[in-house]
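Colleague: Here it is, the structure in full.
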Amino acid sequence: MTPVYEQRHNVFDSPGIFVFWCYFYDGSKGPAGDMQWCFSQVKGAIDDDVAEADIISTVEFNHTGELLATGDKGGRVVIFQQEIENKNQPQFRSEYNVYSTFQSHEPEFDYLKSLEIEEKINKIRWLPQKNAAQFLLSTNDKTIKLWKISERDKRPEGYNLKEEDGRYKDPNTITSLRVPVLIPMDLMVEASPRRVFANAHTYHINSISVNSDNETYLSADDLRINLWHLEITDRSFNIVDIKPANMEELTEVITAAEFHPHQCNTFVYSSSKGTIRLCDMRVSALCDKHSKLFEEPEDPSNRSFFSEIISSISDVKFSHNGRYMMTRDYLSVKIWDLNMENRPVETYQVHEYLRSKLCSLYENDCIFDKFECCWNGNDSVVMTGSYNNFFRMFDRGQRRDVTLEASRENSKPMQVLKPRKVCAGGKRKKDEISVDSLDFNKKILHTAWHPQDNIIAVATTNNLYIFQDKVN
């Protein structure tokens, strides 16, 4: 996408001037407005009867976008690799094909507490690549693992002390020495666990985030956040602890946490009360006292029995430039400027038409669904999921939004996705869908955006859909 014009803002921020650049794109290719999104691929079985273990629980691109990892409720991690682009057919972007599949976690049993520990993968986070191998962190409710994914396409041949089948030779039969050589073989991708970080969380882990120093990472559960070193597995430092002395006084839990993308001393965590706390590890080893508290005053006119439930934040993500952060609650996405704590600078309604349905959503437990959100590569567009396999995009520059659907019916190669509209009441137009006919069992909780290109991945139950912008 080529910027039509760019607008420069000077934002005064002690001790100096903070300068940032906003890029605005012409309407014909607005990322969320008039850009045409096309179906690219769908992964997963078509069966209506979906096994619980096959339900996708996390989706994550690596830092270059070449690899795309998914985790599921069965404890498996599947990595897809982007194939080399065909220069003869530039309109067809390179596809993602299975690169490696491995069992990351197994079901366990805590005999002291008589609790089953699910194998479900809660989060995957890639580490920046430093050599030929790739590394990622994966976690279930209790245990975090560091995995190394490496390739082998050569094998040694010509041993002096061994036969080719591995049997050792009689030393007396060796009359000459030869130099072993490496000969080509079929590519083999190996996934091996390099570190296991266990026994540090009493409650279920909901977040992991790699620090910008590339040496440490944090893990968060309902009441505590721990800081780990990637090389040390037997100890971690507790940096946040909100557990009260008397559990009956508990009023909120931690829902998500993330490190700042550039400042290794800064991280944020969100709560079930709709607040976000920014902490600075330089101030204190235990960050119980936050540096900033981001909270929007509640509108009294919208106060109801469900207010506290729908204000709970399910995801928090820093923008790539580190200036903003995005939060997702049940009905909306909010963009916060790190220099302004009292209210968000942007608020986008994801499915406001569900406000009248909160009672039935409470009864079927959908009101507790945890939707994730993501930024595009230059922070100009945000994306999040909804029900009926709908997902939403919001163009920040043009203040435009679009609703798209991930469906097998729209799965012809390069088929353009048609914007969908939901009718909340009154007379329904021909191309609209009634709010009463939405399928709440079909939901998009997990989404990811390629860090450089307009390629997105959305998870619908056991299927992974990949879409791309239409290349003319």
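Colleague: What pairs can you find where one residue is in segment 116-139 and among the small types (Gly, Ala, Ser), the other is open to solvent by 10 Å² or more (accessible area, probe 1.4 Å) and part of a loop (DSSP other than H, G, I, E, B), and their Cβ atoms are less than 9 Å apart, with a gap of 6+ or different chains?
Modeller: SER138/ASN122
Colleague: Just to be sure, is PHE305 out of contact with any strand residue (DSSP E or B) (no Cβ under 9 Å at 6 or more places or on another chain), within 30 Å of SER356 (Cα to Cα) and aromatic (Phe, Trp, Tyr)? Working first, answer last.
Modeller: Numbers: out of contact with any strand residue (DSSP E or B) (no Cβ under 9 Å at 6 or more places or on another chain): yes; within 30 Å of SER356 (Cα to Cα): yes; aromatic (Phe, Trp, Tyr): yes.
Yes.
Colleague: So which of GLU215, GLU151 is under 21 Å from the mean Cα position of the chain (by Cα) and open to solvent by 80 Å² or more (accessible area, probe 1.4 Å)?
Modeller: It is GLU215.
Colleague: Shifting gears a bit: Taking the options LYS273, LYS292, name whichever one is within 24 Å of CYS374 (Cβ to Cβ), among the charged types (D, E, K, R), in contact with a helix residue (DSSP H, G or I) (Cβ under 9 Å, 6 or more places away or on another chain) and open to solvent by 30 Å² or more (accessible area, probe 1.4 Å).
Modeller: Values: LYS292 fails: in contact with a helix residue (DSSP H, G or I) (Cβ under 9 Å, 6 or more places away or on another chain).
Exactly one residue qualifies, and that residue is LYS273.
Colleague: Under 7 Å by Cβ, and 6 or more places apart or on different chains, what pairs join a residue from segment 34-50 that is closer than 19 Å to GLN81 by Cα with one that is at pLDDT below 80 and in a loop (DSSP other than H, G, I, E, B)?
Modeller: Hits for this filter: PHE39/SER411; SER40/ARG93; VAL42/SER411.
Colleague: Note down all Cβ pairs under 8 Å where the first residue falls in segment 400-428 and is over 17 Å from ILE444 (Cα atoms) and touching a residue at least 12 places away in the same chain (Cβ under 8 Å), the second is of a type in the set (Gly, Ala, Ser) and loosely packed, with under 15 Cβ neighbours inside 10 Å, and they're at least six residues apart or on different chains.
Modeller: These pairs meet every condition: CYS423/SER434; ALA424/SER356.
Colleague: Just for segment 233-265: of the residues that are among the polar types (S, T, N, Q) and without any contact (Cβ under 8 Å) to a residue 24 or more places away in the chain, which one is nearest to ILE313 (Cα to Cα)?
Modeller: Filtering segment 233-265 for residues that are among the polar types (S, T, N, Q) and without any contact (Cβ under 8 Å) to a residue 24 or more places away in the chain, the one nearest to ILE313 (Cα to Cα) comes out as THR251.
Colleague: Which members of segment 35-89 meet the condition of being open to solvent by less than 40 Å² (accessible area, probe 1.4 Å) and in a loop (DSSP other than H, G, I, E, B)?
Modeller: MET35, ILE55, ASN62, GLY65, GLY74, GLY75 - these are the residues of segment 35-89 that are open to solvent by less than 40 Å² (accessible area, probe 1.4 Å) and in a loop (DSSP other than H, G, I, E, B).
Colleague: Go through (1) in a loop (DSSP other than H, G, I, E, B); (2) under 19 Å from the mean Cα position of the chain (by Cα); (3) within 27 Å of SER40 (Cβ to Cβ) for HIS105 and report which single condition fails.
Modeller: (3) is the only condition that HIS105 fails.
Colleague: Mind counting the residues in segment 148-179 that are in contact with a Phe, Trp or Tyr (Cβ under 7 Å, 6 or more places away or on another chain) and modelled with pLDDT of 85 or more?
Modeller: Residues meeting the conditions: 1.
The values are calculated or read from the model by the stated rules, or taken from the named source; none is laboratory data. Keep in mind that this is a model prediction, so the values were computed, not measured. Glycine gets a Cβ as well: all are built from the backbone with ideal geometry, and neighbour counts include every protein chain shown. Note: areas computed on protein heavy atoms with side chains; ligands, DNA, RNA excluded. Shrake-Rupley method; radii C 1.70, N 1.55, O 1.52, S 1.80 Å.
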